[in-house]
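The values are calculated or read from the model by the stated rules, or taken from the named source; none is laboratory data. Computed from a predicted structure; not experimentally measured. Here the Cβ positions follow ideal geometry from the backbone for every residue, glycine too, while neighbour counts run over all protein chains shown. These accessible areas exclude ligands, DNA and RNA; they are computed on the full protein's heavy atoms, side chains included. Shrake-Rupley method; radii C 1.70, N 1.55, O 1.52, S 1.80 Å.
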Amino acid sequence: VQGTGGSSAVSKCSAAARGYIQDRFLRLLAGRPRRRAPLIHRGYYIRARAVDHCVQDFLLKTQSLSRTQILSLGAGFDSLYFRLKDMGLLHHTVVYEVDFPNVACQKATLIKGMKELSALVQDTGGEGLGAITFSGEDYKLLGVDLSELSELERTLEEAGLNNEIPTLFIAEVVLTYMENTRSDALIQWAAEHFPQACFLVYEQVRPEDPFGHVMQQHFRQLSTALHSLAQYPDCEAQQRRFLGKGWTECGVMDMNEFFTCCIPEDEQQRVQTLEPFDEYEEWHLKCSHYFVLAASKGMEPSWTPLLPSVTVPRHAGPVWMAGSVPAAVCARLSGIPGLRRYGHHSVLVKPNVVLTTGGFGEERGRHCRMRNFHVLRKHAGYWEAACVTQNIPDKRWGERLYHTVSCLSDTLALVVGGRTSPSSTGLEMLWLKFPENCNTSGPDDVAVELVGLQPAAEAAALRWRHSTTEVTFKGEQYLFVYGGRSALEPVLGDWYFLHTPELSYTAIAVEGPVPESRHSHSACSWEGGVLIAGGLGAAEQPLGSVFLLRELEHGFQWQTIETHPPLVPRYSHTAHVHEGKLLLVGGVWFHASSVPGITVIDLMTGLCLDYVINVEHLEWPLMLHNHSSIFLRNEKELLVIGGGGNCFSFGTHLNPEPVSLSLSSILISH
């Protein structure tokens, strides 16, 4: 548990070095600097921002009072006191920090040994008295185990903590490491002993979904189990906890809501452009698994720092589920290498033959961008791996993620877009040519050829997280390339009609309300046009809109498809159309407490029904984002291949094997 404090200080320090947070003291307290990934930077940015938001609100509300105090529980190597002192915000506030004795001693030694720190806090020489490891006029550092409440109370009294003045308690990922009976006792003790008090908590939530399972497993492996989660699994349970332990007001938000509601738009944009970034799913999942809570009692005026500054739909809680869909591991595919990947693309190249290309995954025990092509074939009712190529002979293939592959015939497919890194400028369009007898051969026989594009069509290729869909206009076949993002544009709303098979760029008139720009949406061919659903919009917010691009006599028209109840906004899902119904598979949303399963939208009536995926027969968490899916119409079966991603600092989870979802019970023909 003590190790988590040092690790968190290093991550905050790395985020500060990249400009996410302004804190010149972190590098003095964190030890040797280490560069973290952009996803980690964002995670620690939102954590620091949430704590600062509440602390500064407390200081603002109490600035007219003669004395206040802050008590930081499990403070570790945090720089809070030095930042507040440097900003001139501690005129009448004393900061008390508590941590394990050896952590407090290490920090006291650091402070005394560094002029930049010791100059800010005048050492009054009170340390060495029992558990007090450092004592300044407005800063006291105490070494005591928080779970020993009587010892804590005695030490705080000795250090001069005053029960009668307004006090802010801070517990930043601390209470969850304590047994619940002890953390509950601490929360109740604070409410009973301090007539005017506020309590700020930041920690984990939602243990039971796939990301939550990976998160819990990570902390168990570190021998730092998260005790709070079983008894207090969601924001509402944490709120009830505080209200039941003597606190009279309590606001709580998960970090997606905090980012949207409490961080000004210009600051959101600043953070989103600090580094090349393309891990939206993991960022939003991380944010949905952490919360900030602000409880208070006896404060006049009342302390409510978590009132939204902008109005957005509150998280709607559970989505009503119309039923469930059983998930099963595909027999004979267990342990087959090459399908543990995400950001790839799978396509049915002919009946019962699936080609999977690209993505990021696991190969020979290491994580890397995938160069190999993988073929699955259904034989005698079972899927089996036909073969895997370890080396694509043509280096133009690259190591691409988030591309599309469109089959134009049994022997020809087109690869559009994709990226290597999030700062890559885009990749060339490629032909994949298959032999006639693809059933018996493997991807060794797939020829890769560069597509010669007209200059007008080149921009169609320079994107990823887009869609490429077949449409028909005046009896001619076209590919409709839509949306996505590029190295220069975080979200695109443009489109291209490419006439097949020569891929000439064709200008076709499109009327009607233009959908807002998006990437990571789904697109399906339907009645000669295209159905676009969901996606991530310009402000990195999931979209809940469904559009039909419909063929007219002289061109196409965008039409909005109204759904009821409204579609829960989502992105990073896959989609298929079957007998007038649009099926959305998985994805990421954060307007609901469950995870997306299968959503069925009746395209005639707009009726929208959600179905949970029953995973009781799977022995591992099923992450349904960054996956691919193949719909087998005759069997009413969905084959889900790959999926998952980097679960913040908790490790990478890749769905270990393909999964079959039986949809026959929810697709009963009329």
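Couple of notes before you dig in:
- Here the chain is scanned for GluC sites (Glu not before Pro) in DSSP loops (not H, G, I, E, B) that have at most 12 other Cβ atoms within 10 Å, and the longest stretch holding none of them is 180-435.
- The stretch 522-665: C-alpha gyration tensor shape, a/c 1.5 cut-off, then a/b vs b/c: prolate
- The stretch 621-670 and the stretch 461-511: distance between their alpha carbon centers, rounded to Å: 27 Å
- When the solvent-accessible area of the chain is split by element, carbon and sulfur atoms take up 51 percent of it, the probe being 1.4 Å.
- Note on Met299: accessible area is roughly 20 Å² with a 1.4 Å probe, heavy atoms of protein only.
- Bridge type composition, the chain - antiparallel percent by DSSP, nearest 5: 80 percent
- 3J(HN,Hα) couplings calculated from phi for the stretch 413-422 with the Karplus curve 6.51 cos²θ - 1.76 cosθ + 1.60 (θ = phi - 60°) are, in sequence order, 9, 10, 9, 10, x, x, 9, 9, 9, x Hz; Gly and Pro show x.
- Neighbours of Arg463, meaning other residues whose beta-carbon lies under 13 angstrom from its beta-carbon, give a summed charge of 0 when Lys and Arg score +1 and Asp and Glu score -1.
- Under 5 Å, built H, 5+ apart or other chain: amide partners of Ile170: Leu71, Ser72, Leu73, Leu200
- Amide H contacts of Phe473 (H built 1.01 Å from N, under 5 Å, at least 5 apart or other chain): Tyr478
- Backbone phi angles across the stretch 133-146, fed through the Karplus curve with coefficients 6.51, -1.76 and 1.60 (θ = phi - 60°), yield HN-Hα couplings of 8, 8, 9, x, 5, 10, 8, 10, 10, 10, x, 7, 6, 4 Hz in residue order; Gly and Pro are listed as x.
- Accessible area (Å², 1.4 Å probe, nearest 10) - Val514: 90 Å²
- Looking at the stretch 3-297 alone, DSSP beta bridges between its own residues are antiparallel in about 45 percent of cases.
- Dividing the summed helix terms, -39500 (n - 2.57) for each DSSP H run of n ≥ 4, by the number of residues in the chain produces a 222 nm estimate of -6500 deg cm²/dmol to the nearest 500.
- In the stretch 343-376, the trypsin sites (Lys or Arg not before Pro) that fall in loop regions by DSSP, at most 16 other Cβ within 10 Å: Arg364
- The trypsin sites (Lys or Arg not before Pro) of the stretch 535-640 that meet both conditions, a loop assignment by DSSP and at most 13 other Cβ atoms within 10 Å of the site Cβ, are Arg633.
- The stretch 568-611-the stretch 213-252 distance, computed between alpha-carbon centres (Å): 30 Å
- Over the chain, accessible surface divided per residue gives 39 Å², non-protein components excluded, 1.4 Å probe.
- Listed residue pairs exceeding 25 Å between alpha carbons, taken from Lys140/Lys245; Lys85/Lys107; Lys12/Lys286; Lys115/Lys140; Lys350/Lys581: Lys140/Lys245
- Coupling constants for the stretch 23-32 follow from the phi torsions by the Karplus curve (6.51 cos²θ - 1.76 cosθ + 1.60, θ = phi - 60°), and in residue order they are 7, 7, 8, 4, 5, 6, 9, 8, x, 4 Hz; glycine and proline get x.
- Amide proton proximity set for Phe373, modelled H, under 5 Å, gap of 5+: Thr389
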